[in-house]
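Colleague: Pasting a structure here, questions to come.
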Amino acid sequence: MRIAASGTEVGMASNIRLVIADVDGTLVTNEKVLTARAVEAVKRLKNAGIAFSITSGRPPLGMKMLIDTLGLTEPIAAFNGGVFVHPDLSVMTQSFVPADTAAKVIEAIEHHGLDCWVYTDRDWLVRDANAPHVAREQWTVKFPPTVVPEFGLHLDRVAKLVGVSDNYDAVARCEADVQRECGNQASAARSQPYYLDVTHPDANKGHVVTVLSQAMSITPEQVATIGDMPNDLLMFQKSGLSIAMGNASAEVQRQARFVTSSNEQEGFANAMEKFVLGRHREIAEKAS
């Protein structure tokens, strides 16, 4: 793990009032397991007066099991910030991709040979229930997709579009093309090497930091963020303290203040204990 070296870093960590965690590849293991140590780390954050929230490309319903197990009380950011919900899943705010932009994104996804999924505020739509990663996604989010012949009639309330392929280079090329062609009309970033998530331009993880810090009346400098993928970099840039997972790419790790162990090696719990709770406790002891 990368160790803090300066007094500024220590002071920053001790002033944290909110932790925002990515979910897949960060909070849970590769098998989507929330470990006992992760649950205990969240409990210890709360006991220290530090709030905790999660953000993910998942739909709100796909995070319900985490909300319940962790006893979350703060707003949750689904669809990478496209929809903010309260812990009871009631909607706080939501941002939809304009229909004409959604149509352009679908065209780009198909051009690059990727499968396309469309998430509305109510449904997960696919054209082939047997396509790669559909079964895995269904197991993860705990509800099935709706199969439709075409997406054209379902573009009025699109929260997220996903390009899916095990050709990682094709996913990266599609990401670059959507970013170039859609400009400020959409936010496009890989949430996994095989997933390209496209949302409303305000629906990105940097915006998550802004919305949650404002909702809680704290400054972004008092927020710690932890994640593993390129789409987590915007929240790293907005928050006072950023932590990359050990399973993150070298690019993501370089842009974080600290690096913890991997999600298969209790990286989340280790990060909370060392970089947030440990610093918080040190300052409290010195002040007493």
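The values are calculated or read from the model by the stated rules, or taken from the named source; none is laboratory data. Quantities reported herein were computed from a predicted structural model and do not represent experimental measurements. We place every Cβ from the backbone using ideal geometry, glycine too, and count neighbours over all the protein chains shown. We work out accessible area using only protein heavy atoms, side chains counted, and drop any ligands, DNA or RNA first. Shrake-Rupley method; radii C 1.70, N 1.55, O 1.52, S 1.80 Å.
Colleague: For segment 49-74, what are the residues that are within 16 Å of residue 239 (Cβ to Cβ) and either assigned to a helix (DSSP H, G or I) or not hydroxyl-bearing (Ser, Thr, Tyr) (or both)?
Modeller: 50, 51, 52, 54, 74, listed by residue number.
Colleague: Mind listing just one residue for me: the one in segment 187-200 that is in contact (Cβ under 8 Å) with a residue 40 or more places away in the chain and surrounded by fewer than 24 Cβ atoms within 10 Å (Cβ to Cβ) and, of those, farthest from residue 22 (Cα to Cα)?
Modeller: Checking each candidate, the answer is 194.
Colleague: Let me ask you something else. Enumerate the pairs (first residue in segment 117-129 and β-branched (Val, Ile, Thr); second residue anywhere and assigned to a loop (DSSP other than H, G, I, E, B) and open to solvent by 70 Å² or more (accessible area, probe 1.4 Å)) with beta-carbon separation below 8 Å, excluding pairs fewer than 6 apart on the same chain, so at least 6 apart or on different chains.
Modeller: Once the first residue is β-branched (Val, Ile, Thr) and sits in segment 117-129, its partners that are assigned to a loop (DSSP other than H, G, I, E, B) and open to solvent by 70 Å² or more (accessible area, probe 1.4 Å) give 120/157.
Colleague: For the structure I just gave you, tell me whether residue 104 is in contact (Cβ under 8 Å) with a residue 24 or more places away in the chain, within 20 Å of residue 188 (Cβ to Cβ), touching a helix residue (DSSP H, G or I) at 6+ places or on another chain (Cβ under 7 Å) and open to solvent by 10 Å² or more (accessible area, probe 1.4 Å).
Modeller: In short, yes.
Colleague: Restricting to segment 61-78, count the residues that are open to solvent by less than 30 Å² (accessible area, probe 1.4 Å) and touching a helix residue (DSSP H, G or I) at 6+ places or on another chain (Cβ under 8 Å).
Modeller: Residues flagged as open to solvent by less than 30 Å² (accessible area, probe 1.4 Å) and touching a helix residue (DSSP H, G or I) at 6+ places or on another chain (Cβ under 8 Å) within segment 61-78 amount to 7.
Colleague: What is the number of the single condition among (1) within 20 Å of residue 109 (Cα to Cα); (2) open to solvent by less than 50 Å² (accessible area, probe 1.4 Å) that residue 179 does not meet?
Modeller: Residue 179 satisfies every listed condition except (2).
Colleague: Go over the candidates 277, 212 one by one and state the one that is surrounded by 24 or more Cβ atoms within 10 Å (Cβ to Cβ), part of a helix (DSSP H, G or I) and of a type outside the set (Phe, Trp, Tyr).
Modeller: 212
Colleague: Looking only at segment 215-231, which residues are surrounded by 18 or more Cβ atoms within 10 Å (Cβ to Cβ) and not in a helix (DSSP H, G or I)?
Modeller: Result: 223, 224, 225, 226, 227, 228, 229.
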